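The values are calculated or read from the model by the stated rules, or taken from the named source; none is laboratory data. From a predicted model like this one, the values you see are computed outputs, not experimental measurements. Here Cβ is always computed from backbone atoms with ideal geometry, including for glycine, and neighbour counts include all displayed protein chains. Ligands, DNA and RNA are excluded from the accessible area calculation, which covers all protein heavy atoms including side chains. Shrake-Rupley method; radii C 1.70, N 1.55, O 1.52, S 1.80 Å.
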Amino acid sequence: MKRYQYGLLFGIALMFTACHTNTAFEIEGALANVPDETWVYLNQVGVTQEVEGIKLDSMLVKDNVFRFEGKIDQPTLGYLSFQNQKGRIPLFIESGKIEVNINQENFTSFALKGTQNNEELSEFERNLSLYKYNLLSYQGQQQSTYMEALQNKDEEKINQILSTYKKLQEDQAIFIDNFLAQHKTALTSLYYLYYTSGDDVTQLTAVYESLSETDKKSNLAQLVAEKIKK
């Protein structure tokens with residue numbers, strides 16, 4: 001009888017552990033142009049549209065590095081923010097060691113390594129920022145030339161500038177389409193589509209439905225589920 005009770009209790013303990021397991025994460029940051037004693041904050045994106053963010057932890061920068069450690073049940077969309085700075089670094093808080101390289105003078109130059117979700121997010125954000133930079137640079141370079149062409153009614157020059165600008169826009173759109181096509185089940189695709197899809201949620205829904213059961217438990221997936229039900 002005692003052996004039976006022990007076995008029963010042991011089995012219940014295993015079931016409880018299996019249902020409440022969480023895994024360790026470590027986020028290690030290497031910084032440039034960030035002074036010591038600057039506060040860095042680890043935040044989680046809220047699980048409803050009404051809650052923008054939840055502060056999970058904070059740490060002072062020392063010797064150009066910072067480190068966060070903890071437990072997590074499933075991949076969680078979060079972001080790093082810094083004292084007296086408006087920019088923030090998106091990342092997935094998930095099992096494993098995540099390395100973050102940041103230049104505070106240019107938040108778009110961040111790099112993430114260590115887990116698949118973060119490396120995909122880093123790759124996507126890095127390339128997308130380059131396309132955006134090319135568009136903005138060309139726009140700035142051609143501003144005076146375009147205005148002069150308008151004043152002189154130089155249709156050829158106007159069309160040339162607009163054609164090049166349109167080509168840069170198309171290149172950016174092709175990059176995004178290719179990434180989404182190659183990462184149909186990725187949280188990064190869900191992340192991008194959630195923030196850009198507007199009223200048409202067809203593509204967003206397709207990615208959401210392709211997620212693993214674990215990823216569907218993420219805060220990002222919960223936000224998406226709320227959006228596509230509307």
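General remarks:
- For segment 81-97, the criterion of being open to solvent by 70 Å² or more (accessible area, probe 1.4 Å) and modelled with pLDDT of 90 or more is satisfied by at least one residue.
- Note on segment 102-142: residues that are outside any helix (DSSP H, G or I) and of a type in the set (Asp, Glu) amount to 1.
- So TYR138, is it touching a residue at least 40 places away in the same chain (Cβ under 8 Å) and over 27 Å from LYS216 (Cβ atoms): no
- Yes/no for PHE110 being of a type outside the set (Asp, Glu), touching a Leu at 6+ places or on another chain (Cβ under 9 Å) and modelled with pLDDT under 95: yes
- Of all residues in segment 205-230, those that are touching a residue at least 40 places away in the same chain (Cβ under 8 Å) have Cβ atoms under 9 Å from Cβ atoms of residues that are open to solvent by 20 Å² or more (accessible area, probe 1.4 Å) and among the basic types (Lys, Arg), 6 or more apart or on another chain, in GLN222/LYS216.
- Members of segment 176-204 that are in a helix (DSSP H, G or I) and open to solvent by 30 Å² or more (accessible area, probe 1.4 Å): ASP177, ASN178, ALA181, GLN182, TYR191, TYR192, TYR195, THR196, THR202, GLN203
- Only residues that are more than 19 Å from LYS217 (Cα to Cα), crowded, with 17+ Cβ neighbours inside 10 Å and not polar (S, T, N, Q) were counted in segment 33-80, giving 8.
- Entry remark, segment 98-118: residues being open to solvent by less than 20 Å² (accessible area, probe 1.4 Å) and of a type in the set (Phe, Trp, Tyr) number 1 in total.
- Being in contact (Cβ under 8 Å) with a residue 60 or more places away in the chain and within 18 Å of the chain's Cα centre (by Cα) is a condition met by no residue of segment 165-181.
- Selection within segment 27-75 - without any contact (Cβ under 8 Å) to a residue 60 or more places away in the chain, in contact with a strand residue (DSSP E or B) (Cβ under 7 Å, 6 or more places away or on another chain) and part of a loop (DSSP other than H, G, I, E, B): ASP36, GLU37, THR38, VAL61, ASN64
- Residue in segment 154-166 that is out of contact with any helix residue (DSSP H, G or I) (no Cβ under 7 Å at 6 or more places or on another chain), under 24 Å from ASN101 (Cβ atoms) and open to solvent by less than 90 Å² (accessible area, probe 1.4 Å) present: no
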